[in-house]
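Please read the structure below before turning to the comments.
A short reminder: the numbers here are calculations on the coordinates, not readings from a lab. Values in this document were obtained by computation on a predicted structure and should not be read as measured data. Note that each Cβ is placed from the backbone with ideal geometry, even for glycine, and that neighbours are counted across all protein chains shown.
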Amino acid sequence: MENKNFAIIIASACIGVCIVISSIIFAFSISSLSENQRTVQVKGLSEREVAANAVIWPIVYKDAGNDLTSLYGSIDSKNLIIKNFLIENGISESEISIAAPNVTDRSAEMYGPEKAAFRFYASAILTVSTDKVDLVRSLITKISSIGKNNISFSSDEYQNQIEYKYTKLNDIKNEMVEEATKNARATAQKFADDSESSLGKIKTASQGQFSINNRDNYTPYIKIVRVVSSIEYFIKD
C-alpha cells in the first residue's frame, strides 16, 4: 500500500515538473514569436521630371455659309492650306489626319437663333500626332500667320486641347522602383536606429502604380513621374 502511494506521489511530481517546464518553454516561445513579429511599415517615393516625347495637336477652325456645297469646298481648300503649312514646316504627311467636318443647319434647329447670319456652320479639325514636340510647340505660335486666308482658328474648346505625352516609362521604371525601395529602407533604418533596434528582413512589400502628370498648368510638356513602394520590415532588439 505504501509502495502504491509512493508511486502516485512520484508520478504526480513528474507531471508537475513537466507542466512547469512546458510552461517555461511556451513562455519563451511566445516571447520569441512576439519579438519576431515587431514590424515597421514605411513608404518610399521615387520621382522624376521628364520632357514629353509625344504630342497630339488638334487644329480646329470654324467656317460658315448659306450654300452647303460651297461650304464643303471652302473647308477642303482651308484643309489643304493648313496641311501644306504643316508639311512645309517639318511635319510629315503621315503625322496629319483630317476628320470629317461637323456641320450644323441652323434652320433645322427648333430653338436656334431667329436671325443667324448664315444657315450652315461648320467645325473642322486636323490632328497632328508626332514625336516632334519642340517643333509643334513652335508651330503653335506660327500657325496664326495663315489666318489671312480667312481661317478662323478655335483654341478654347475643352475637348480639343493639345495633349503632351510621355511614353518611355519602361526606360526608367526599374531605376525608379529601386530608388523607391532604397528610400523606404532608409526610412525604416532611421526608425530602427532611433529606437535602438536592428532592422530585419522584409515581411511584406507592395508597389503602387506609376503616375504621370503635368508638372503644372503652364508647362504641360514637362511631366512628373511618381511611384511609391510600401514595405513592412521586421524589427529586432
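Some observations on this one:
- Residues of region 131-171 classified as in a strand (DSSP E or B) and within 16 Å of residue 220 (Cβ to Cβ), total: 3
- You will find that of 175, 196, 179, the residue that is outside any helix (DSSP H, G or I) and over 21 Å from residue 130 (Cα atoms) is 196 and no other.
- The residue that is nearest to the chain's Cα centre (by Cα), among those in region 40-66 that are without any contact (Cβ under 8 Å) to a residue 60 or more places away in the chain and in a strand (DSSP E or B), is 64.
- Residue 203 basic (Lys, Arg), over 17 Å from the mean Cα position of the chain (by Cα) and surrounded by 13 or more Cβ atoms within 10 Å (Cβ to Cβ): yes
- Residue within region 222-233 that is out of contact with any Asp or Glu (no Cβ under 8 Å at 6 or more places or on another chain), small (Gly, Ala, Ser) and either under 17 Å from residue 173 (Cα atoms) or assigned to a strand (DSSP E or B) (or both) present: yes
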